[in-house]
Amino acid sequence: MSRIRRAFFMATLEQYLALLISLVTLSSMARLLTPAEIGLGVIGLGIGTIVFSLREFASPDFLIKRDQVDTEDVRTSFTVLLMLTAGLSLLLYLGRGWLAEFYHDGSLAYFLDLIIIAALVETLSLPTIALLRRDMAFGSLARIRTMGSILASLTTIGFAFSGFGHMSFAFGLLGGALTTTLLAFAARPVASVFRPSISSLREALHFGSYMGATSVLNKIYETLPQLLLGRIMTTTSVGIFNRANAVCGLPDRVFLSAVFSVAFPILAEQVRQGEDLRRSYLRAISYITVVYWPSQILLALLAYPVVHIILGGNWSEAPPIVAILCLASTFWFPVILTYPLLIALGENREAFVSNCIARIVSAVVLCSASLWGLTALALSQFITLPFQMVVSLHFVRKHVQFEWKDLLEAIRPSAIVTASAMLGPVAVIAAHGFALDISPLAGFLAGLLAIAGWLTALIRTRHPFLTEVERIWQAALPYLPWRKANISKATPAE
């Protein structure tokens with residue numbers, strides 16, 4: 001279990017560093033570019049995301065699932081992945097002119113040229129990244145990805161400052177891909193990986209068939225509504241929705257991304273060792289909800305000061321969208337674990353079917369809502385996310401035996417902690433006449449009261465997550481300034 005905790009710690013550290021870098025980039029770009037320019041960048045990145053998500057049909061993650069991995073497996077993964085990426089790059093290159101005309105922006109063709117180069121470069125690193133994940137080498141992964149994120153951020157901000165507008169995002173993506181690939185090869189410098197082979201082709205395609213379909217569905221679900229907005233409305237609307245979604249996703253980045261990064265390798269190992277997944281799953285749900293629910297609801301209440309601090313004063317239309325998206329996101333809590341759990345159990349088909357049902361229905365709802373504007377698109381999340389929650393729980397219960405009352409018992413303490421944490425912020429808002437547009441100082445006070453209420457309720461309910469808080473506190477105690485001072489005073493002088 002200590003190995004799992006170390007893995008989770010490194011993955012969490014990586015996510016916090018990535019979050020810090022993302023915040024700097026988000027804040028800087030919101031001040032350097034207009035919403036319309038950001039909207040154009042989002043459209044270009046969205047097109048590239050959908051096209052190159054098809055690479056998951058040759059996903060190197062099959063290397064994580066296999067009990068034993070040899071050089072031929074890795075070479076097969078790289079060969080198939082490179083061939084598929086090259087084919088997708090050719091198709092996107094041939095279609096980039098039509099896409100530029102479709103969105104009435106000639107520079108989109110040059111934007112997509114850079115996206116193609118970045119995708120080809122990134123492909124060289126993907127098998128190595130999968131092997132590092134298999135070995136739970138999250139320390140090396142953290143260093144590689146963090147440096148890639150830093151270079152991508154610096155490149156994006158630098159080009160934006162130099163007046164390249166939305167093209168800055170494409171240059172940043174290319175800079176990050178180059179850095180990640182070079183560092184990945186330095187971590188595992190095995191040149192034989194790049195020799196062509198198809199000896200494990202059947203295994204790779206069998207795993208990738210469901211992984212690829214799932215990835216495509218996810219990317220279409222995430223990007224298609226914004227691409228439709230760019231065609232139906234203005235690029236400014238795309239920029240506002242994307243930045244609002246980015247702010248809403250901060251708790252996800254803080255708490256859930258680390259869970260997803262390590263969930264598949266850890267669950268795969270637990271399956272191989274025959275451990276009790278029911279207990280692990282319910283504990284994970286309890287841990288997720290006790291931090292995710294309060295953070296999302298708090299962000300909804302403080303949407304105005306948070307948007308003002310992060311994005312600046314030119315994004316006045318974003319706070320209401322942020323608040324709506326945050327409240328709807330509280331239904332997301334079980335979805336994050338469903339896919340890695342089913343894949344770890346070898347239920348690739350079930351993982352695909354569950355994701356297919358949830359994503360297709362949700363995508364139809366979101367795309368339909370986008371026809372009515374930003375607010376309707378945001379409100380439609382109150383339909384799509386609860387639906388995805390129900391689908392996820394249905395498929396998990398087919399393989400992990402637990403009753404509905406067990407789930408309610410697991411999340412009940414989290415609901416109590418969440419309600420307690422919100423008492424302080426609600427009091428601050430009430431003191432301002434129940435207006436959400438409060439000052440950053442009042443928002444800071446509300447945040448402190450929320451933390452105090454959260455800790456108090458965590459202790460009073462004896463929530464299982466309290467053990468993790470105590471462990472973190474004990475680990476941090478020796479490094480606190482006053483603790484160091486006391487230790488120094490207690491040490492006899494020589």
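Counting neighbouring beta carbons within 10 Å and listing from fewest to most, the residues Ile129, Ile383 come out as Ile383, Ile129.
Farthest towards the positive end of the charge dipole of region 233-476, among the residues Val335, Ile383, Gln296, is the Cα of Val335, using unit charges on the Cβ of Lys, Arg, Asp and Glu.
The residues Phe352, Phe161, when put in order of fewest to most other Cβ atoms within 10 Å, stand as Phe161, Phe352.
Other residues whose C-beta falls under 12 angstrom from the C-beta of Pro319 contribute a net charge of -1, scoring Lys and Arg +1 and Asp and Glu -1.
Do you know the relative contact order of region 233-476, to the nearest whole percent, from alpha carbon pairs under 8 angstrom that are 6+ apart?
Reported as a whole number, the value is 26 percent.
If you take all other residues with their beta carbon under 15 Å from the beta carbon of Thr234, and give Lys and Arg +1 and Asp and Glu -1, the sum is -1. Footprinting exposure proxy ranking of Lys398, Lys219, Lys405, fewest other C-beta atoms within 10 angstrom first, gives Lys405, Lys398, Lys219.
The numbers here are math on the coordinates, done by the rules we state, and not lab data. Not measured: the values here are computed from a predicted model. Cβ coordinates were reconstructed from backbone atoms using ideal geometry, including for glycine residues, and neighbour counts include every protein chain displayed.
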